[in-house]
Amino acid sequence: MVHSTAHPDAVTLDVVFAALSDSTRRAVLETLGERSLSVTELAEPHDMSLTGFMKHLRVLEDAGLISRTKEGRIVRCALSPRPMQEAAVWLSRYERFWTGRLDALARFLYHQEETEWRTLPPETPPSVPRSRSAGTTALRPTKSGARGPTRKR
């Protein structure tokens, strides 16, 4: 048996991110963000068996992302946003990190551009005629030099 030495919040985040890793489960959460629905209503747009769909609901419920209530014979699901809020807080730390890094990169590139602008050679004086064509002209071949050594046979 493997025992985790991770902080309990990290384990919770692992479960939340694992639950969010599937597109079907994300679609369920998006749908539940609008209103609570019965299991049948939730399963309807997904092309899978009810048994397979129930497995997705179990993963979401284990992660604390949804809650189920039974009203007579109907089981209704509702969104429980708290675990996503905790994940968002965790992600925001890295957002600050990357924002800082990208800002530093922008400052560096701006400084490089300013430095290059100041050190560019002056433009060619306008008195030098320039060709209007966009193409290039090949140089004419020059006369060849003296004959090189020959091989003896």
Residue identified as more than 37 Å from the chain's Cα centre (by Cα), open to solvent by 100 Å² or more (accessible area, probe 1.4 Å) and modelled with pLDDT of 65 or more among 101, 151: 151
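Among the residues of the range 24-37, write down those that are open to solvent by 40 Å² or more (accessible area, probe 1.4 Å), polar (S, T, N, Q) and assigned to a helix (DSSP H, G or I). Write out each step before concluding.
The initial filter retains those residues of the range 24-37 that are open to solvent by 40 Å² or more (accessible area, probe 1.4 Å), namely 26, 30-31, 33-36.
If we keep only those that are polar (S, T, N, Q) as well, we get 31, 36.
Result: 31, single match.
Of the residues 51, 69, 40, which single one is out of contact with any Phe, Trp or Tyr (no Cβ under 8 Å at 6 or more places or on another chain), among the hydroxyl-bearing types (Ser, Thr, Tyr) and not in a helix (DSSP H, G or I)? First the steps, then the outcome.
On the way: 51 fails: not in a helix (DSSP H, G or I); 40 fails: not in a helix (DSSP H, G or I).
Result: 69 is the single residue among 51, 69, 40 that is out of contact with any Phe, Trp or Tyr (no Cβ under 8 Å at 6 or more places or on another chain), among the hydroxyl-bearing types (Ser, Thr, Tyr) and not in a helix (DSSP H, G or I).
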Filter result (open to solvent by 40 Å² or more (accessible area, probe 1.4 Å) and β-branched (Val, Ile, Thr)) within the range 38-47: 40
Scope the range 76-89; condition open to solvent by 70 Å² or more (accessible area, probe 1.4 Å) and not β-branched (Val, Ile, Thr); matching residues: 82, 85, 86
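Report whether or not residue 73 is within 25 Å of residue 12 (Cβ to Cβ), modelled with pLDDT under 95 and open to solvent by 80 Å² or more (accessible area, probe 1.4 Å). Break it down into steps so the answer makes sense when it comes.
Values: within 25 Å of residue 12 (Cβ to Cβ): no; modelled with pLDDT under 95: yes; open to solvent by 80 Å² or more (accessible area, probe 1.4 Å): yes.
Criteria not met by residue 73.
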Where residue 92 falls short, out of the listed (1) open to solvent by less than 90 Å² (accessible area, probe 1.4 Å); (2) modelled with pLDDT of 95 or more: (2)
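If I go through the range 1-23 residue by residue, how many of them are surrounded by 10 or more Cβ atoms within 10 Å (Cβ to Cβ), at pLDDT below 90 and assigned to a loop (DSSP other than H, G, I, E, B)?
Taking the range 1-23 as the starting set, the residues that turn out to be surrounded by 10 or more Cβ atoms within 10 Å (Cβ to Cβ) are 6, 9-22.
Narrowing further to those that are at pLDDT below 90: 6, 9-12.
Retained after the next criterion (residues that are assigned to a loop (DSSP other than H, G, I, E, B)): 6.
Result for the range 1-23: 1.
The values are calculated or read from the model by the stated rules, or taken from the named source; none is laboratory data. Quantities reported herein were computed from a predicted structural model and do not represent experimental measurements. Cβ atoms come from the backbone with ideal geometry, glycine included; neighbour counts cover every protein chain shown. We work out accessible area using only protein heavy atoms, side chains counted, and drop any ligands, DNA or RNA first. Shrake-Rupley method; radii C 1.70, N 1.55, O 1.52, S 1.80 Å.
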